[in-house]
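This report refers to the structure that appears directly beneath it.
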Amino acid sequence: MHMTIERYALGPMANFIYLLVPSLGDRLAVVDPAWDPAFLLARAAELGRPITDILLTHHHADHSNGVEALLAAHPARVHAQRNELPQLRGRAWAQDLVLHDHGDVIDLGADATVQLLHTPGHTPGSQCLLCGDVLLTGDTLFIDGCGRCDLPGGDAEAMYRSLHDILGKLDGHVRVLPGHDYGPQPEATLDDQKKTNPYMGFQTNRDFFDYRMRPRG
């Protein structure tokens, strides 16, 4: 992988925001900018690069409430999965969205690429970002957990398919970098998650559904 991934814990919901810094060139991508755009702009200035790309794993405000401030400073491209458009239409910057499908690749230059994996379940257009041997999972997969499926647009059956039929078939050495610091550590490999994450272990969609949607106190 010809880029560095920087991780920052920002905001009141234990979000992880990521910067993708290609090893060559002047591109800079921000994944799920939220809560502290001033910090992200200051870090971009330290790196001496403009923010050229904003990648959204999904539309929820805790993953996107910094987009407008970044765009006011840098005319970046905002990338989202096509199925998120209905939820993003009301945003001031929605007319400039770059919409993507499963398997699309964003080229950040100098052999630094991001493959987009459509992983619905938390929202209809949730997506994960595969950067070489690193997988940014947003709210699809947490360390020893997975995203909620009971919010508007959530779908537990789709989440099962995303975890087992898409993420579960990736190389086990891939490192999982989630969208929130909700687990015992900030990252793990997919092989580790198959051993310790209960949501990765169900053999049937029905069993997964019953567990994910179980009543909570």
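The values are calculated or read from the model by the stated rules, or taken from the named source; none is laboratory data. Only a predicted model underlies this, so the values are computations on that prediction, with no experimental measurement involved. FYI the Cβ positions are ideal-geometry reconstructions off the backbone, even for glycines, and counts take in every protein chain you see.
Here Leu108 clears all of (1) among the hydrophobic types (A, V, I, L, M, F, W, C); (2) surrounded by 20 or more Cβ atoms within 10 Å (Cβ to Cβ); (3) closer than 21 Å to His180 by Cα except the condition numbered (3).
In this structure, is Gly125 at pLDDT 95 or above, surrounded by fewer than 22 Cβ atoms within 10 Å (Cβ to Cβ) and small (Gly, Ala, Ser)? When the stated conditions are applied, Gly125 does not pass them.
Could you tell me whether Ala110 is outside any helix (DSSP H, G or I) and at pLDDT below 95? Walk me through how you get there before you give the answer.
Numbers: outside any helix (DSSP H, G or I): yes; at pLDDT below 95: yes.
Against the criterion (outside any helix (DSSP H, G or I) and at pLDDT below 95), Ala110 qualifies.
Cβ-Cβ contacts under 7 Å between residues 6 or more apart (or on different chains), taken from a first residue in segment 168-193 that is farther than 16 Å from Cys131 by Cα and polar (S, T, N, Q) to a second residue that is part of a loop (DSSP other than H, G, I, E, B) and at pLDDT 95 or above, are listed as Gln185/Ile143.
Within segment 16-33, can one find any residue that is in contact (Cβ under 8 Å) with a residue 12 or more places away in the chain and under 20 Å from Pro152 (Cα atoms)? Break it down into steps so the answer makes sense when it comes.
Within segment 16-33, the subset in contact (Cβ under 8 Å) with a residue 12 or more places away in the chain is 16-33.
From what is left, the residues that are under 20 Å from Pro152 (Cα atoms) are 32.
For segment 16-33, residues in contact (Cβ under 8 Å) with a residue 12 or more places away in the chain and under 20 Å from Pro152 (Cα atoms): present.
Selection of segment 60-90 for residues being over 19 Å from the mean Cα position of the chain (by Cα) and not hydrophobic (A, V, I, L, M, F, W, C) yields His74, Pro75, Arg89, Gly90.
Report yes if Leu117 is hydrophobic (A, V, I, L, M, F, W, C) and at pLDDT 95 or above, otherwise no.
Numbers: hydrophobic (A, V, I, L, M, F, W, C): yes; at pLDDT 95 or above: yes.
When the stated conditions are applied, Leu117 passes them.
I'd like to know if segment 156-170 contains one or more residues that are over 21 Å from Gly66 (Cα atoms), among the aromatic types (Phe, Trp, Tyr), touching a strand residue (DSSP E or B) at 6+ places or on another chain (Cβ under 9 Å) and modelled with pLDDT of 95 or more. Break it down stepwise before answering.
Kept after step one, since they are over 21 Å from Gly66 (Cα atoms), are these residues of segment 156-170: 156-170.
Among the residues that remain, those that are also among the aromatic types (Phe, Trp, Tyr) are: 160.
Now narrow it down to the ones that are touching a strand residue (DSSP E or B) at 6+ places or on another chain (Cβ under 9 Å): none.
Checked segment 156-170: no residue is over 21 Å from Gly66 (Cα atoms), among the aromatic types (Phe, Trp, Tyr), touching a strand residue (DSSP E or B) at 6+ places or on another chain (Cβ under 9 Å) and modelled with pLDDT of 95 or more.
All of (1) part of a strand (DSSP E or B); (2) crowded, with 22+ Cβ neighbours inside 10 Å; (3) hydrophobic (A, V, I, L, M, F, W, C) hold for Ala9 with one exception: (2).
Are there any pairs, at least 6 apart or on different chains, whose C-beta atoms fall under 7 Å, with the first in segment 34-45 and surrounded by 21 or more Cβ atoms within 10 Å (Cβ to Cβ) and the second modelled with pLDDT of 95 or more and assigned to a helix (DSSP H, G or I), and if so, which? Close Cβ pairs satisfying both conditions: Ala34/Asp62; Ala34/His63; Pro37/Ala69; Pro37/Leu70; Leu40/Leu70.
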